[in-house]
Amino acid sequence: MSPRSSDSHPMLAPTRALLHPLWLGSLAVLVLNDHVLKGASILPEAVTGKLSDFAGLIVAPVLLAALLRVTTRRGWLASHVAVGIGFAAIQLSAAAAAGWSAAMEMIGFGWLITRDATDLVALPALLVSAWGLRRAMERRPSSSARRSIEVAAAGTGLLCCAATSPAPGEEFVPDLFTDIYFHNAGADPIVVRVRELSPSVDVDCNVLAENPGALATEPLFGGSQSYRLDPDQNFGLRVGDGGWNEWGTDGDWEEENTGTPRDCNAALLDIDGLPPAVLFWFDGRIPTRNVPGFGAEEGEARGRIELHPSGNPDTLGEYVSPSEEILHLVPAATPPVVGACAPQSDAGRLYWSEPLPTGNWELDTIDRGADGCYAMDLVIRNPVDEILDEARWYLCAPLSHLGFEPGRRIRIESLGAGFGGGSGVLVTTVDGTEQSPVPEREPTLVELQAFRGSTFPAFRGLQVAAVPEFDCGHAVAETCGTVTRATTVSAGGGAFEVTQMQHGDVQTLAGSEGDMTIALAHAEERAVLDPECAEGPDTLGLDLEVVALYIEP
């Protein structure tokens, strides 16, 4: 007769499962993954990051049951539930992770906890352990020789579960898989603060590469990531999948997505005892490789940035790097660019209220405010002069008049986003035409086209072309960190002579059948842009705003 437990099932002996092929195989995967595969670029990091979780959730419950000398099915299942709850708590709670690390420290195992909620995908491995190993524990008691092997397997399993942990009292710093990294070459710990480009920022990498220290300014960067770097410690700025390495506030090693993919990378540095600087590099120019957490890297050290604080609060230290093209000091404040090459302000830009009141209207009143914006009251009347519909519409344009008079009938049309990647509006008088005949007089035809984008749509033969002013260098705008270059605009064609214009110019061109007044509200080329902050189009390239008023006598 086999021994019986109190729950009417055969008595279990968890140590017998320690020699089961499933448990031994899981232990082998745990060892191989933690000590060979991780960081070796043999398998994707997403795979190696989860292999140990699946294997560990098969290895750990058996060890727990063996240590507690579980003999019942209820205790066997409770061991799995306990491991599952503990594993989930560690992944989801910084307090639980810290508590576990402290507990392991007390029994002699310093334990690094890496929290990642996606690791919970490994929880079904507990079912594999609970079901697959139960029958192995119902076998007859082991011989003394077999018992010795089981004890050795248990000890090996315990050591492997803590194999990636440091010795008691020794800080754990993992190896890095990175292209750019810092090395604290000083004698004291330092605080490093790094700010990456905001995800919304769009960059012409070739332009930014001309002078990153001056062109990549603070408004373009997001929140600061701070961490402490001990003497002789290395810190990887980026990892192979494009994420940022960061020591989290709870002491865990985390990865954060950088957001918008770019062909180049930039980071703003604020490091104790060192001058402010900008890191800039193109993707793929520096190889991504394994770097030790402490000490010197074997072989080529491209991408290594040594930090040499001065140790004197009154002076600043220096950066040392074999890749000098990566690091760029932020220059001292310089006088702003003035004249024709200066970045243009957002004052005087074209604006019209939305939604656009498209269709035919009667212009009831029109008033020009002190800010240069026109307020138009629009109405639709029936034959007995009753108002059926009304709207107020605003148009801000650098024109002294719009040519429209109260009582005139006008049609408002949207030019949409199909022209030059921007948007525009066309306003035309329609009284005295087939749409709305007024036989007692022949009114003047008035047409107005306002447009914001990169290419002004042809208007009554008028064409507008913008060319960057290559004699002007790129400059940083006062707000939003936008990097711009001035442009020269030529306007004319058809019945109108060609003229050269600059930002803010208003010119009237005489034609054979009418006059065309052109106002250049804005004109520059943009190479770095945060569309969530800056006015104008949401894309790089020409930022052109033109309004043209045609009056036919």
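For the reader, a short list of remarks on this structure follows.
- Annotation note: of E196, E210, the sole residue that is among the acidic types (D, E) and part of a strand (DSSP E or B) is E196.
- Residue that is out of contact with any Ser or Thr (no Cβ under 9 Å at 6 or more places or on another chain), surrounded by 16 or more Cβ atoms within 10 Å (Cβ to Cβ) and under 22 Å from V427 (Cα atoms), where the choices are L549, L509, L520: L520
- Applying the criterion of being at pLDDT 65 or above and polar (S, T, N, Q) to the residues of segment 1-38, the residue that is farthest from L127 (Cα to Cα) is N33.
- For segment 482-521, a tally of residues being out of contact with any Leu (no Cβ under 8 Å at 6 or more places or on another chain), at pLDDT 90 or above, over 22 Å from D346 (Cα atoms) and hydroxyl-bearing (S, T, Y) returns 1.
- Subset of segment 322-379 [in a strand (DSSP E or B) and touching a Lys or Arg at 6+ places or on another chain (Cβ under 8 Å)]: G359, N360, W361, E362, L363, Y374, A375, M376, D377, L378
- Within segment 380-402, tally of residues that are part of a strand (DSSP E or B) and either touching a residue at least 12 places away in the same chain (Cβ under 8 Å) or within 30 Å of Q502 (Cα to Cα) (or both): 9
- The number of residues in segment 265-289 that are in contact with a Ser or Thr (Cβ under 9 Å, 6 or more places away or on another chain), at pLDDT below 90 and part of a loop (DSSP other than H, G, I, E, B) comes to 4.
- Some residue of segment 102-115 being buried (at least 16 other Cβ atoms within 10 Å of the Cβ) and modelled with pLDDT of 85 or more: no
- If the condition is being modelled with pLDDT of 85 or more, acidic (D, E) and within 23 Å of G236 (Cα to Cα), then segment 158-204 contributes D179, D188, E196.
- Among the candidates D367, D346, D389, residue that is loosely packed, with under 11 Cβ neighbours inside 10 Å and either of a type in the set (D, E, K, R) or in contact with a strand residue (DSSP E or B) (Cβ under 7 Å, 6 or more places away or on another chain) (or both): D367
- Counting the residues of segment 328-361 that are under 30 Å from D471 (Cβ atoms) and touching a Phe, Trp or Tyr at 6+ places or on another chain (Cβ under 9 Å) gives 3.
- Note on segment 214-234: residues that are surrounded by fewer than 16 Cβ atoms within 10 Å (Cβ to Cβ) and within 20 Å of L329 (Cβ to Cβ) total 2.
- Odd one out for T479 among (1) modelled with pLDDT under 90; (2) hydroxyl-bearing (S, T, Y); (3) assigned to a strand (DSSP E or B): (3)
- Being among the acidic types (D, E), assigned to a strand (DSSP E or B) and at pLDDT below 95 is a property that does not hold for E405.
- Of residues in segment 39-78 being closer than 29 Å to P14 by Cβ and under 28 Å from the mean Cα position of the chain (by Cα), the one modelled with the highest pLDDT: K50
- Within segment 193-204, the residues that satisfy the criterion of being of a type outside the set (D, E, K, R), surrounded by fewer than 21 Cβ atoms within 10 Å (Cβ to Cβ) and out of contact with any helix residue (DSSP H, G or I) (no Cβ under 8 Å at 6 or more places or on another chain) are P199, S200.
- Near pairs, Cβ below 8 angstrom, 6+ apart or cross-chain, from segment 457-486 (outside the structural domain of N206 (by TED's automatic domain parsing)) to any residue that is of a type in the set (F, W, Y) and assigned to a loop (DSSP other than H, G, I, E, B): P457/F419; Q463/F456; V464/F456
- Tally, over segment 314-326, of residues that are touching a residue at least 12 places away in the same chain (Cβ under 8 Å) and out of contact with any Pro (no Cβ under 9 Å at 6 or more places or on another chain): 6
The values are calculated or read from the model by the stated rules, or taken from the named source; none is laboratory data. The structure displayed is predicted, hence computed values, not measured ones. All Cβ positions, glycine included, derive from the backbone under ideal geometry; neighbour counts span all protein chains shown.
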